[in-house]
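Shown next, in structure tokens, is the structure this report addresses.
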Amino acid sequence: MARNCRQFPPHMGSIEEKGVRCRASPIRLPHSAIQVGILGWSSYAFGLEQLQQLRTELRLPDGQPLPHAFVRHADEQTLAALAVALQLREQLPPLPQPERWGVLAAPEYFGKEATLAALQRYSLDGPGAISPHLIPNHCLHSLSGSLSVLLGLHGPNYGVGGGPGQLVDLLLAGMLETVQQPVPGFWLVATGWRTLPGELGLSNATAPVCLAMALAVCRMSSEEPQASTSQLRSTEAGSLCPGSGEQQLANGEEQSPGADSPHRAREFSGSERCPSARLSPRAVLRWQTWPRILDESESPRTPLQMETLLRALHTPIASVSMTAPPAEDDSPAAGTATRHRPAGERHPREFMVYRWYLPEVGVLELRKLHQAEQLLSVWREEAA
Amino acid sequence: MDRAQLRQELLELLYQDTGQRYDRLDDSVTLKEGLGLDSVDLVSLVMQIENRFHIRLDSQELQRLEKVGDLLDLLQSKLQQASAAQAA
């Protein structure tokens with residue numbers, strides 16, 4: 001039976017292959033957790049008029065307008081994703097080997113309007129009435145594919161999610177790919193409608209907006225064995241935060257001997273770098289499997305949505321009251337922020353921790369560094 | 001339908017499909033480089049042509065198309081065949 005089992009993340013449950021029903025094994029993580037650095041983020045909520053303007057006003061990095069075929073056939077979510085990705089690209093410092101980056105995209109109900117219209121045409125006029133542009137422009141993977149072509153990215157690209165909760169799929173897939181793929185980093189893009197345009201007449205609700213966010217993530221230096229030596233030197237020079245790792249260990253994490261050990265120091269610090277990008281991350285995203293997998297009954301948590309993550313990214317650290325570091329067996333409420341000051345007096349670097357407890361997945365943790373106070377984009381509160 | 005009318009129809013179909021208005025459509029203009037059509041655009045254009053003129057273009061015929069003149073030649077011959085078959 002075992003040889004017919006594939007390894008899947010625990011939330012995938014059991015799978016059936018070659019007629020044998022088996023329980024999928026939990027995925028094997030490189031350490032006790034996976035962490036990636038977030039170099040920057042960008043987000044915006046586009047109204048319908050703004051989306052139409054994007055078709056004509058958006059310019060590619062080389063200053064050229066968008067290709068006519070793309071302008072005519074692209075889904076609104078693709079335009080919104082492209083806009084925030086371009087915005088983030090402008091705000092980031094020059095990335096080494098930018099063409100080698102990959103892109104993962106998680107749209108929400110992507111191509112719903114176009115598919116509905118195509119189905120109606122199909123029922124009336126048959127297959128000849130369906131445009132061949134439907135698949136390349138309105139399927140789940142077309143958003144990432146379009147971004148990859150337009151931004152000149154040669155790394156892997158595919159779409160994940162597709163419905164509510166697509167952000168968790170995006171983050172988990174993006175973290176795994178970033179750690180495992182031989183690329184400098186990944187663009188993670190999520191989009192979604194808040195009130196679908198087609199439902200406007202029915203619900204008489206507020207005007208629909210297309211929410212889009214883009215993250216640039218890269219591997220942390222601690223994920224690469226060759227980075228250990230330089231990391232240790234940094235620790236000795238005092239540029240890291242010795243002691244912070246001990247306070248910030250999540251529940252159930254394996255203890256390592258000594259708070260100042262290189263392993264401990266590599267857990268998290270403000271001066272870690274994304275080695276392939278040679279840049280300091282503004283935040284660290286960490287996924288840790290829980291010792292015992294939570295289920296819905298014991299962890300009735302609100303789902304992690306784009307608004308939640310964006311609020312965490314855009315909330316100034318100074319606005320959050322200082323709290324004591326959580327104890328080893330303490331379980332802070334999901335989605336709450338805690339502000340920490342590492343114990344070392346020479347290193348008064350503050351950072352903010354958000355934790356989300358995801359049923360059958362584990363704990364997703366966002367650690368935002370103090371430097372992240374530079375807001376990278378406009379975040380419209382009314383869109384939340 | 002003469003060649004000038006076919007050229008005008010083709011201009012209109014191109015506008016509907018790509019959203020781009022071409023000023024002139026010489027026979028020597030290539031479909032891919034000259035008009036900037038990719039493979040999906042070509043398939044879409046062919047589907048529109050088939051629906052508009054009620055003809056069928058098979059894949060072997062499409063593979064020989066490189067320039068606007070080739071497409072107009074093919075359309076003319078197909079339309080003549082269709083009208084001859086209708087008359088018979």
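Among the residues of the stretch A:50-74, write down those that are more than 12 Å from chain B (Cβ to nearest Cβ) and open to solvent by 10 Å² or more (accessible area, probe 1.4 Å).
Matches in the stretch A:50-74: A:Gln50, A:Gln52, A:Gln53, A:Leu54, A:Glu57, A:Leu58, A:Arg59, A:Leu60, A:Pro61, A:Asp62, A:Gly63, A:Gln64.
If a residue must be among the basic types (Lys, Arg), in contact with a helix residue (DSSP H, G or I) (Cβ under 8 Å, 6 or more places away or on another chain) and at pLDDT 90 or above, how many such residues does the stretch A:91-136 contain?
Total satisfying the criteria: 1.
Against the condition surrounded by fewer than 21 Cβ atoms within 10 Å (Cβ to Cβ), closer than 30 Å to B:Met47 by Cβ and without any contact (Cβ under 8 Å) to a residue 24 or more places away in the chain, how does A:Thr195 come out, does it pass?
No: the conditions fail for A:Thr195.
This table checks each residue for (1) among the acidic types (Asp, Glu); (2) within 27 Å of A:Asp169 (Cβ to Cβ).
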{"residue": "A:Leu86", "(1), (2)": "no, yes"}
{"residue": "A:Leu92", "(1), (2)": "no, yes"}
{"residue": "A:Arg100", "(1), (2)": "no, yes"}
{"residue": "A:Glu113", "(1), (2)": "yes, yes"}
{"residue": "A:Gln120", "(1), (2)": "no, no"}
{"residue": "A:Pro127", "(1), (2)": "no, no"}
{"residue": "A:Pro132", "(1), (2)": "no, no"}
{"residue": "A:Pro136", "(1), (2)": "no, yes"}
{"residue": "A:Cys139", "(1), (2)": "no, yes"}
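Just for the stretch B:70-88: of the residues that are among the aliphatic types (A, V, I, L, M) and at pLDDT below 90, which one is least open to solvent (accessible area, probe 1.4 Å)?
The extreme case among them is B:Ala82.
Please report, ordered by residue number, the helices (runs of 4 or more DSSP H) entirely within the stretch B:1-69 with at least 3 residues that are open to solvent by less than 50 Å² (accessible area, probe 1.4 Å) and free of Cβ contacts under 8 Å to residues at least 60 places away in the same chain.
Fully inside the stretch B:1-69 and qualifying: B:3-18, B:39-53.
Anything in the stretch A:140-160 that is within 14 Å of chain B (Cβ to nearest Cβ) and open to solvent by 40 Å² or more (accessible area, probe 1.4 Å)? List them, or say none.
Of everything in the stretch A:140-160, just one residue is within 14 Å of chain B (Cβ to nearest Cβ) and open to solvent by 40 Å² or more (accessible area, probe 1.4 Å), namely A:Val149.
Working only within the stretch A:110-129, note down all residues that are buried (at least 17 other Cβ atoms within 10 Å of the Cβ) and not in a helix (DSSP H, G or I).
A:Phe110, A:Gly111
If you check B:Gln60 against the conditions, is it at pLDDT below 90 and within 14 Å of chain A (Cβ to nearest Cβ)?
Spelling it out, it is not the case that B:Gln60 is at pLDDT below 90 and within 14 Å of chain A (Cβ to nearest Cβ).
For the stretch A:83-99, indicate whether the set of residues that are farther than 29 Å from A:Thr178 by Cβ, open to solvent by less than 30 Å² (accessible area, probe 1.4 Å) and assigned to a helix (DSSP H, G or I) is non-empty.
Within the stretch A:83-99, none of the residues are farther than 29 Å from A:Thr178 by Cβ, open to solvent by less than 30 Å² (accessible area, probe 1.4 Å) and assigned to a helix (DSSP H, G or I).
How many of the residues in the stretch A:120-139 are more than 11 Å from chain B (Cβ to nearest Cβ) and either closer than 16 Å to A:Ala105 by Cβ or in contact (Cβ under 8 Å) with a residue 40 or more places away in the chain (or both)?
So the count comes out to 2.
What are the residues in the stretch A:178-191 that are surrounded by fewer than 22 Cβ atoms within 10 Å (Cβ to Cβ) and either touching a strand residue (DSSP E or B) at 6+ places or on another chain (Cβ under 7 Å) or within 14 Å of chain B (Cβ to nearest Cβ) (or both), if any?
If the condition is that a residue be surrounded by fewer than 22 Cβ atoms within 10 Å (Cβ to Cβ) and either touching a strand residue (DSSP E or B) at 6+ places or on another chain (Cβ under 7 Å) or within 14 Å of chain B (Cβ to nearest Cβ) (or both), then A:Val179, A:Gln181, A:Val183 are the ones that fit.
Just wondering, is there one or more residues in the stretch B:29-50 that are more than 13 Å from chain A (Cβ to nearest Cβ) and farther than 28 Å from A:Asn137 by Cβ?
no
Among the numbered conditions (1) in contact with a helix residue (DSSP H, G or I) (Cβ under 7 Å, 6 or more places away or on another chain); (2) within 14 Å of chain A (Cβ to nearest Cβ); (3) modelled with pLDDT under 90, tell me where B:Leu25 comes up short.
All conditions pass for B:Leu25, except number (2).
Checking A:Gly174 against (1) over 22 Å from A:Pro208 (Cβ atoms); (2) within 14 Å of another protein chain (Cβ to nearest Cβ), which test does it fail?
A:Gly174 satisfies all of (1) over 22 Å from A:Pro208 (Cβ atoms); (2) within 14 Å of another protein chain (Cβ to nearest Cβ) except (2).
All but one of (1) within 14 Å of chain A (Cβ to nearest Cβ); (2) under 13 Å from the mean Cα position of the chain (by Cα) hold for B:Gln20, so report the exception by its number.
(2)
The values are calculated or read from the model by the stated rules, or taken from the named source; none is laboratory data. In this text the structure is predicted, and so the values were computed from the model without any measurement. Heads up, the Cβs are rebuilt from the backbone with ideal geometry, glycines too, and the neighbour counts pull from every protein chain shown. With ligands, DNA and RNA removed, areas are computed over all heavy atoms of the protein, side chains included. Shrake-Rupley method; radii C 1.70, N 1.55, O 1.52, S 1.80 Å.
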